[in-house]
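The next block holds one structure in the form of structure tokens; read it before the comments.
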Amino acid sequence: MTEGGTVRRVQTGGPVAHWAPGDQILWRYRENAGPRFHIARPVTVVRDDAELLAVWLAPGTQCVKPVLLDGTSPHAEPLESRYTKPRTTQHDRWFGTGVLKLARPGEPWSVWLFWEPGWRFKNWYVNLEAPLARWAGGVDSEDHFLDISVHPDRSWGWRDEDEFAQAQRDGLMDASLAERVREAGRSAVEVISAWGPPFSDNWQHWRPDPSWTVPPLPDDWDRTPAYMTS
């Protein structure tokens, strides 16, 4: 992806190269218990180094999202059949005020920051997921259903526990993976309770570079990558 940002060429299968601020990459998720990608979001790199990858998902970005075969959102489907009805993907625009996503290498979650209109900070959101796998065009993961919402007063709460339980009943994760996800969540709670990074790093005061353009969604957004090693 090069429009509005420059991606430096990297040698796939070799040492990890870091993107520069302003580079445009893809942040993708594979479907659970399947090989296909069903979420793809073009984002702009804010920071990328050995400690942190930070990216900006701009309002109005064209993304790929999962939908039921009739085009309705899976979240409109009753929980009991939400993960068993056939799905496809659909292009849509990212709504709202944009999202800043933060991920540390090898960590089984990412932290998302949300704002209300006018840049009034709303909350952090801990998305429990597989550690990001890097490739020349971006990063890939698999969502693990369970999440944590963290509020400006530092209070927090579990999110989507019902979906996490249903995913196990529907065979989208086995008992071993479910326990690893729970353990990842407990580790995240320890960071929240200690108010460690990235919560203590004042990212809520960050603002995007006004010169950045909205990254385009490439036609081959679902291509199979060669992953890079660290």
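The values are calculated or read from the model by the stated rules, or taken from the named source; none is laboratory data. All values reported here derive from a predicted model rather than from experimental measurement. Here the Cβ is made from the backbone with ideal geometry for all residues, glycine too, and neighbour counts use every protein chain on show.
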Scan the range 183-223 for residues that are exposed (fewer than 10 other Cβ atoms within 10 Å of the Cβ), in a loop (DSSP other than H, G, I, E, B) and either in contact (Cβ under 8 Å) with a residue 24 or more places away in the chain or at negative phi (or both) and report the count. 5
Enumerate the pairs (first residue in the range 42-62 and of a type in the set (A, V, I, L, M, F, W, C); second residue anywhere and modelled with pLDDT under 95) with beta-carbon separation below 8 Å, excluding pairs fewer than 6 apart on the same chain, so at least 6 apart or on different chains. VAL45/GLY5
Specify which of the listed residues (ARG41, ARG47) is part of a strand (DSSP E or B), crowded, with 18+ Cβ neighbours inside 10 Å and touching a strand residue (DSSP E or B) at 6+ places or on another chain (Cβ under 9 Å). ARG41
State all residues of the range 125-147 that are closer than 23 Å to GLY96 by Cβ and either out of contact with any helix residue (DSSP H, G or I) (no Cβ under 6 Å at 6 or more places or on another chain) or polar (S, T, N, Q) (or both); if no residue qualifies, say none. TYR125, ASN127, GLU129, LEU132, GLY138, VAL139, SER141, ASP143, ASP147
Of all strands (runs of 3 or more DSSP E) fully inside the range 78-180, the set with 2 or more residues that are basic (Lys, Arg) is 87-93, 120-129
If we keep only residues of the range 126-175 that are among the hydroxyl-bearing types (Ser, Thr, Tyr) and closer than 30 Å to ASP23 by Cα, then the residue surrounded by the most Cβ atoms within 10 Å (Cβ to Cβ) is SER141
Answer yes or no as to whether THR89 is surrounded by 19 or more Cβ atoms within 10 Å (Cβ to Cβ) and hydroxyl-bearing (Ser, Thr, Tyr). no
Of (1) farther than 30 Å from GLY137 by Cβ; (2) free of Cβ contacts under 8 Å to residues at least 60 places away in the same chain; (3) touching a Ser or Thr at 6+ places or on another chain (Cβ under 8 Å); (4) charged (D, E, K, R), ASP170 fails just (2)
Of the candidates GLY4, GLY34, GLY22, the one satisfying the condition of being at pLDDT below 95 and under 18 Å from PRO208 (Cα atoms) is GLY4
Run ALA178 past the list (1) crowded, with 19+ Cβ neighbours inside 10 Å; (2) free of Cβ contacts under 8 Å to residues at least 60 places away in the same chain; (3) more than 19 Å from THR97 (Cβ to Cβ) and report the number of the one that doesn't hold. (1)
